[in-house]
Amino acid sequence: MKILITGGAGFIGSHVVRLFTNKYPQYSICNLDKLTYAGNLENLKDVERKPNYQFFKGDIVDANFISQLFEQEKFDAVIHLAAESHVDRSISNPLEFVNTNVIGTVNLLNAAKQTWATGTPNPASGFRHLFYHVSTDEVYGTLGDTGMFTEETPYDPHSPYSASKAASDHFVRAYHDTYKLPVVISNCSNNYGPNHFPEKLIPLCIHNIKSNKPLPIYGKGENVRDWLYVEDHASAIDVIFHTATLGSTYNIGGHNEWKNIDVIRLLCKIMDSKLGRPEGTSEQLITFVKDRAGHDLRYAIDSTKLQRELSWQPSLQFEEGLAKTVDWYLANENWLNNVTSGDYKKYYEEQYAKR
Ligand code: NAD
Ligand code: DAU
C-alpha cells in the first residue's frame, strides 16, 4: 500500500510518519510537505534513509502539482495533516488559513476522487482506498464549566483557524456523501510532546524557562485545554486508519483537562527540578498578558466512541508525559536552537536540494 501523508515534517505529522514507516515496512510512506516555518525535516532524521520512505516538497494549494503527483504516484490512501495550525497566526492572517486548510484540502479531495474513480482496491490484499482527514476539537467551539464534546456536538468554530478546519471537515463529508469518496475524520484535543514548534504554549514556555524569559499567560490563565501526548495521537491515527468504518468520525482525547496556569506551574516545577534550580524560581517568570481575541474558554473531548469501538487507550499520564517532553527538549538543545534561529531550513537545502 502506498500512503500519502501530508504535513509529515510538522509536529504531529512527523510522529505519524515515524510510526508508520517503522511499524509497516511493507507500506510505502510518501511525505508531502511545503516546509513552511512549521515544517522541519530534522524531525525525521531517523527515518529519512529507510527504503519505504520518500519525501516530496510541494504545496497542497497548487492544484496542478497535486493532481500530477497523484497521477504519477497512484497513492492508495491519504492521511492528511498539512495545515496552518496556530490560532494566533490565524488572527493576524486568516486568508493563509483559508488557502491551506480549505483550498488545499479540496485539492487533495479532487485528486483522490479523480485517481480512485477507476480501479477498485483489491479486498484480498487487505487494503482499501481511504482519505483520512486529521482535524481538531476546536471545530466544536467552546464549553462552559461542564460538558464534553462528542461526535454529535454541533460545529461552532470561533477563530479563523477553527473556522477553516471546520470548513475542511465539511468538504470531506460532502465528498463522501456526494461522490462516495471513502473518508474518515478524527477530531483531536491539544497535543504536546517532542518536536512541538515553540510558538505553542508548552514548548514556548519550556524555551523561555530555559532562557529565563517571561512566560506570557493570556488573560488570567483560566482557559482549559485537554492535553494528549503526541505519540498517543499517532497511535489513535494508526488504529482509526486501519479499522474505522468508512464515513465515520472519531474524537481523540485523553480525559486530561488542565487550566493553562496550572499547566505552567507544573512545568515550572518540573523544570526547576531538572535544571537544579530552587523550587519556585521559574514561576517568577509567569507574566499575565492581554488575552487572545475570541479566546475559547474550555475544551474537553469525550473519546468514549474510539475507546469502546476501536479499543484505543492513551498510554501516558500528563505528569509523566510532560516530564518526558521536558527531557526531550533539554537533550535536544540543537533542535530548539535551530528552530528559534531559523537555521533548520538549511537542513532541507543541504540534504535534498543537491539530490
Ligand atoms: P504543524 O503546524 O506543526 O505542521 C503542519 C505541517 O504542514 C508543516 O510541516 C507544514 O510545513 C505543512 N504545511 C503547511 N502548509 C502546507 C501546504 N500548503 N502544503 C503542504 N504542506 C504544508 O501542525 P501540527 O500541530 O502538527 O498539526 C497537524 C494537523 O493536526 C493539523 O491539521 C492540525 O489542524 C491538526 N491538529 C493539531 C493539534 C495540535 O494540538 N497541534 C490537535 C488536533 C489536530
Ligand atoms: O485543541 C486542538 C488545538 O490545540 C489544535 O487544533 C491547534 O492546532 C493547536 O495549536 C492547539 O490550539 P490552542 O490555541 O489551544 O494551543 P496554544 O498552544 O496556542 O494555546 C494553548 C492555550 O494557552 C490557549 O488557551 C492559549 C494559551 N496561550 C497560548 C500561548 C501561545 C497562552 O496563554 N500564552 C501563549 O503564549
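A short reminder: the numbers here are calculations on the coordinates, not readings from a lab. Remember, it's a predicted structure, so these values are computed and weren't measured experimentally. Positions of Cβ are generated from backbone atoms using ideal geometry, with glycine treated the same way; all protein chains shown enter the neighbour counts.
Annotations
- Highest-first packing order for the peptide set 105-115, 37-47 is 105-115, 37-47, based on the mean count of other beta carbon atoms within 10 Å.
- Between Arg277 and Ile91, the modelled labels are 2.6 nm apart [label points 7 Å from Cα along Cα→Cβ].
- Within straight-line cross-link reach of Lys305, aspartates and glutamates at Cα separation under 20 Å, skipping those fewer than 8 residues along the same chain: Asp137, Glu138, Glu151, Glu152, Asp169, Asp226, Glu231, Asp232, Asp238, Glu257
- Full extension of the chain segment joining Gln26 with Lys220 gains 64.8 nm, where the gain is 0.36 nm per residue of separation less the Cα-Cα distance.
- Between the alpha-carbon centres of the range 222-236 and the range 80-114 there is a gap of 22 Å.
- Each residue in Ser164, Ser341, Ser189 was given a count of other beta-carbon atoms within 10 angstrom of its own, and listing them fewest first yields Ser341, Ser189, Ser164.
- Beta bridges per DSSP, both residues in the range 179-295: antiparallel share near 20 percent.
- Average Cα contact separation per residue, the range 2-354, under 8 Å, 6 or more apart, as relative contact order %: 17
- Over 26 Å (Cα to Cα) - which of Lys34/Lys74; Lys57/Lys213; Lys259/Lys290; Lys50/Lys274; Lys50/Lys210 fall in this group: Lys57/Lys213; Lys50/Lys274; Lys50/Lys210
- GNM top mover of Asp76, Asp59, Asp291 - the chain, alpha-carbon springs below 10 Å: Asp291
- Sorted by Cβ neighbour density within 10 Å, fewest at the top, the residues Ser28, Ser159: Ser28, Ser159
- Ranking Leu215, Pro278, Tyr329 by how far each Cα lies toward the positive end of the dipole of the range 2-354 (charges on Cβ) leaves Tyr329 at the top.
- GNM result for the chain, Cα springs below 10 Å: residue of Lys290, Lys57, Lys34 fluctuating most strongly: Lys290
- Shape category assigned to the range 217-284 from the gyration tensor of Cα positions, a/c cut at 1.5: oblate
- Rounded, prolate or oblate (a/c below 1.5 giving rounded, otherwise prolate when a/b exceeds b/c) for the range 2-354 by Cα gyration tensor: prolate
- GNM flexibility winner over the chain from Ala83, Ala331, Ala163 (Cα, springs under 10 Å): Ala331
- The range 2-354 - share of DSSP beta bridges that are antiparallel (%, nearest 5): 10
- Of the peptides 193-201, 315-323, 302-310, the ranking by mean beta-carbon count within 10 Å, highest at the top, reads 193-201, 302-310, 315-323.
- Distance from the range 271-319 to the range 157-176 (C-alpha centre basis), Å: 25
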